[in-house]
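Trainee: The structure that follows is given in the form of C-alpha cells.
The values are calculated or read from the model by the stated rules, or taken from the named source; none is laboratory data. Since the model is a prediction, treat every value here as computed from it, not as a measurement. Reconstructed Cβ throughout: ideal geometry from the backbone, glycine too, with neighbour counts over all protein chains shown.
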Amino acid sequence: MAMRLEGKSIFVSAAAQGIGRASAIAFAKEGARVFATDVNADGLVGLRAEFPQIETHALDVLDTSAVNALAATLPDLDGIFNCAGFVHNGTIEAVAEADWDFSFDLNVKSMYRTVKAFLPGLLRRAEASGTASILNMASMASSTKGFPNRLVYGTTKAAVIGFTKAIAADYVTKGVRCNALCPGTVDTPSLRERIAAFPDPVEAEKAFIARQPMGRLATVDDITPMAVYLLSDESQFVSGQALLVDGGVTI
Ligand code: NAD
C-alpha cells in the first residue's frame, strides 16, 4: 500500500520538540521527504540521530533573511507546516507592548514570512501535481471559545485563522490549500514548563485536565493524524478550515 505522503516534500517549523517534532516524524513515516527546522539547533540533533531520513536545518522564523535563504536552497515543496508559536499567560493587564509584539511576530508574522518564501514553489508543485498544502498552527484558544489568561495568545491564534482563510481564498483556484489546526491542551515540553511555573504545579495540572471533558490531556499522537491528513491528498477538497482536535472542550 502506498504511504500517505509518498513523493511529497514538506517543511516543518518548531520541529525540535512537541507537536512539530512528532509531526515531522509522522510525515517521514508516511513517506514524505521532511525538512525539519527549529531555532534550537541542539534540539534537532536528537531528531536527526533517531530519524536520519529527516533533514534538519536551524531556522529562526523571526528572521526574514534566514527564512528566504533556506527557501532558496530547498526544492519546491508540496507542503508546509507552520508550527512555531508561544503561549503568553495573562490578561490584558499583564500583557506589555513588548509581549504583544513578540507573540504577533512569532505566532503570526512568522507564517507570513514562510508562506511568502515558499509560495512560488508550492504553486509550481500544485500546477504539476494538482494540489499543495499549507497548514498553520492555531489553537482551540481562539477558534470558537475564549480562555482566561490567554489575551495575546488567543488574539494571535484568531489572526492565524484569518490569515489561513485569506490565503485559502486567494489560491483556491491554483491548487494551493491552506488550513489551520486547533488542538486542545497537549502534553508537550512547553506545557510542562508552564505547569511547573505555577505556585502549585500539581493543582495546575489538575486544572488543565479538568477542562478536558475526556479527562486527560492530549498527547502529540492525538494531534499528528490530523496534520498528516491535512498535508495529504486525502484532504484535497478541504481548504480554509480551522480543524479542532480538542478532546471535546468546545462541544
Ligand atoms: P513547544 O512549545 O514545546 O516547542 C516549541 C518549539 O518552537 C521549540 O522547539 C522551540 O525551540 C521552537 N521555537 C521557538 N521559537 C522559535 C523561532 N523563533 N523559530 C523557530 N522555532 C522556534 O511545542 P508545542 O507545545 O507542541 O507547541 C507547538 C505549537 O502548537 C505552538 O504554535 C503552540 O501555540 C501550538 N499549540 C500547543 C498546544 C499545547 O497545549 N501544547 C495547544 C494548542 C496549540
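Trainee: Which of the following residues is among the aliphatic types (A, V, I, L, M), surrounded by fewer than 16 Cβ atoms within 10 Å (Cβ to Cβ) and closer than 27 Å to PHE102 by Cβ: ALA180, ALA210, ALA166?
Mentor: Of ALA180, ALA210, ALA166, the one residue that is among the aliphatic types (A, V, I, L, M), surrounded by fewer than 16 Cβ atoms within 10 Å (Cβ to Cβ) and closer than 27 Å to PHE102 by Cβ is ALA166.
Trainee: Right, another one. Between ALA14, ALA28, which is touching a Gly at 6+ places or on another chain (Cβ under 8 Å) and within 29 Å of GLU127 (Cα to Cα)?
Mentor: Sole residue among the options that is touching a Gly at 6+ places or on another chain (Cβ under 8 Å) and within 29 Å of GLU127 (Cα to Cα): ALA14.
Trainee: If you scan region 186-201, which residues turn out to be assigned to a loop (DSSP other than H, G, I, E, B) and over 19 Å from ALA141 (Cα atoms)?
Mentor: ALA197, PHE198, PRO199, ASP200, listed by residue number.
Trainee: Let me confirm something: among ASP105, ASP76, which residue is of a type in the set (D, E, K, R) and part of a loop (DSSP other than H, G, I, E, B)?
Mentor: Answer to the selection: ASP76.
For every residue, the table says whether it meets (1) within 23 Å of PRO189 (Cα to Cα); (2) touching a Ser or Thr at 6+ places or on another chain (Cβ under 6 Å); (3) at pLDDT 95 or above; (4) not assigned by TED's automatic domain parsing to the domain that holds LEU151.
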residue	(1), (2), (3), (4)
SER13	yes, yes, yes, no
LYS29	yes, no, yes, no
ASP42	yes, no, yes, no
GLY46	yes, no, yes, no
ILE54	yes, no, yes, no
LEU62	yes, no, yes, no
LEU74	no, no, yes, no
LYS109	no, no, yes, no
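Trainee: I need the full set of residues from region 157-180 which are more than 8 Å from the ligand (Cβ to nearest atom) and under 13 Å from the mean Cα position of the chain (by Cα), in order please.
Mentor: VAL160, ILE161, THR164, CYS178, ASN179, ALA180
Trainee: Test of understanding: among VAL220, VAL249, VAL228, which residue is of a type in the set (Val, Ile, Thr) and over 17 Å from the mean Cα position of the chain (by Cα)?
Mentor: Checking each option against the conditions leaves just VAL249.
Trainee: Here's a follow-up. Could you tell me which residue of region 9-41 is farthest from the ligand (Cβ to nearest atom), considering only residues that are surrounded by fewer than 24 Cβ atoms within 10 Å (Cβ to Cβ) and in a loop (DSSP other than H, G, I, E, B)?
Mentor: By that ranking, first place goes to GLY31.
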